[in-house]
């Protein structure tokens, strides 16, 4: 039986599955709350993180709330963004 995660989670089953796979609460909620009909259509427009400047990576890390970003180098920022 799927547990209700409250009104802020649109797809409780998907959220629970993602959490069981080890995703953070934030990332699982972001995915479970996405509109599946438009998500696939939006993707693929951003370049690879390796092509971004360190400043761009820092700004993205700030936007998604990654802590400790000011002490990270470019490689660490990429890793943090991919695993947040």
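Can you tell me which of 14, 37 is part of a helix (DSSP H, G or I) and at pLDDT below 85? Please lay out each step first, then the result.
Details: 14 fails: at pLDDT below 85.
The unique qualifying residue is 37.
For residues in the range 14-26 being within 20 Å of residue 66 (Cβ to Cβ) and surrounded by 15 or more Cβ atoms within 10 Å (Cβ to Cβ), which is nearest to the chain's Cα centre (by Cα)?
23
Looking at 67, 56, which is the one that is part of a helix (DSSP H, G or I) and modelled with pLDDT of 90 or more?
Details: 67 fails: part of a helix (DSSP H, G or I).
Result of the check over 67, 56: 56.
Would the range 42-50 turn up any residue that is at pLDDT below 85 and part of a helix (DSSP H, G or I)?
yes
The values are calculated or read from the model by the stated rules, or taken from the named source; none is laboratory data. Bear in mind the structure is a predicted one, so any value in this text is a computation, not a measurement. Reconstructed Cβ throughout: ideal geometry from the backbone, glycine too, with neighbour counts over all protein chains shown.
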